[in-house]
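Working notes for the structure below.
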Amino acid sequence: SRELFVLTYGALVAQLCKDYEKDEDVNTCLDRMGYGIGVRLIDDFLARSAVRKCRSYSETAGMIAQVAFKMYLGVTPSVSCSSAAGNEFSLILDKNPLVDFVEELPAERASLCYCNLLCGVIRGALEMVHLAAEVTFLQDRLKGDAVTEIGITFLRKAEDRKHKRN
Amino acid sequence: MADEALFLLLHNEMVAGLYRAAEQGEGENGRCTTKLESMGFRVGQGLIERFTKDTARFKDELDIMKFVCKDFWTTVFKKQIDNLRTNHQGIYVLQDNKFRLLTQMSAGKQYLEHAPKYLAFTCGLIRGGLSNLGIKSIVTAEVSSMPACK
């Protein structure tokens, strides 16, 4: 049940906050754990969804938003491309199930990225399909923004520079 | 269900992450188990509240244990406890022959020494659930051959 996952995640973040004083350390830790989860989750995802190979960055971003998020978290963020080169995308979540039981961040943890695990998961999963990317939170509802926005920037692989991008 | 995979992976990462941090720091394994158990405790308290919102009051301890074995376990691990034994004096043994968190690890005696780490969270889960139902308890786990555990 999803509640178990959400509650466990909350307990984990609380424990990490106790262990580490600095927000950046907690964020890094969450990101690293997310990465570990992502590299394994991609197998589970591909086995369950049996999707065909994505042929462009925008197809990949769409796949993450519409299929993966829906499968694991039950929400479908909207995708938009935010750069002319076609390698930066943002996923906009107006409902984030991970924060179902969280009202607000405590005052001394103002720069905590509560859902940083998600960034690590996406990054790890993409790396396993040979797509290097940087994933960060651009906006976060817990910090007062209107929506939660995750930015994915696909980094060019070395050999891509030889070919012209379509 | 997809959620299961997510929780399994998160749990494994948590165990690995905590132990990794401990190795770099003090190297005290006991504290990691305590941390995992206390995390499970918090989660157990919250979960049991949500599950028992609409159920009737429990008649006695045995009733509560049966609830844990059937409904609680099913919701969390998608199966029921295989065997419940008691000495009617406060000691209950719950046996699960295919414990979800261990099935992916091994099917026999390999890696037996690592099993307790993965059970700490679940022990805390049970303890938290029982504590919110008004029962103070001590929960321990024993693994003789994966993936069964008591």
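Overview of values
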{"item": "Inter-residue pairs, beta-carbon under 8 Å, first without any contact (Cβ under 8 Å) to a residue 24 or more places away in the chain and in region A:26-42, second outside any helix (DSSP H, G or I), 6+ apart", "result": "A:CYS29/A:TYR20"}
{"item": "Residue in region B:130-148 that is assigned to a helix (DSSP H, G or I), within 14 Å of another protein chain (Cβ to nearest Cβ), in contact with a Gly (Cβ under 7 Å, 6 or more places away or on another chain) and modelled with pLDDT of 75 or more present", "result": "no"}
{"item": "Boolean, A:SER58 is more than 13 Å from every other protein chain (Cβ to nearest Cβ), in a helix (DSSP H, G or I) and under 17 Å from A:VAL135 (Cβ atoms)", "result": "yes"}
{"item": "Residue match in region B:109-126 (condition: among the hydroxyl-bearing types (Ser, Thr, Tyr), modelled with pLDDT of 80 or more, crowded, with 17+ Cβ neighbours inside 10 Å and outside any strand (DSSP E or B))", "result": "yes"}
{"item": "Subset of region A:127-158 that is small (Gly, Ala, Ser) and out of contact with any Lys or Arg (no Cβ under 9 Å at 6 or more places or on another chain) - its residue that is modelled with the lowest pLDDT", "result": "A:ALA158"}
{"item": "Yes/no for A:ALA85 being surrounded by 18 or more Cβ atoms within 10 Å (Cβ to Cβ), away from chain B (no Cβ under 14 Å) and touching a residue at least 24 places away in the same chain (Cβ under 8 Å)", "result": "no"}
{"item": "Filter result for A:ARG48 (surrounded by 16 or more Cβ atoms within 10 Å (Cβ to Cβ) and part of a helix (DSSP H, G or I))", "result": "no"}
{"item": "Checklist (1) more than 10 Å from chain B (Cβ to nearest Cβ); (2) among the polar types (S, T, N, Q); (3) over 16 Å from A:LEU118 (Cα atoms) applied to A:ASN27, failing item", "result": "(3)"}
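The values are calculated or read from the model by the stated rules, or taken from the named source; none is laboratory data. Keep in mind the model is a prediction, meaning the values are calculated, not measured. Note: ideal-geometry Cβ built from the backbone for every residue, glycine included; neighbour counts use all protein chains shown.
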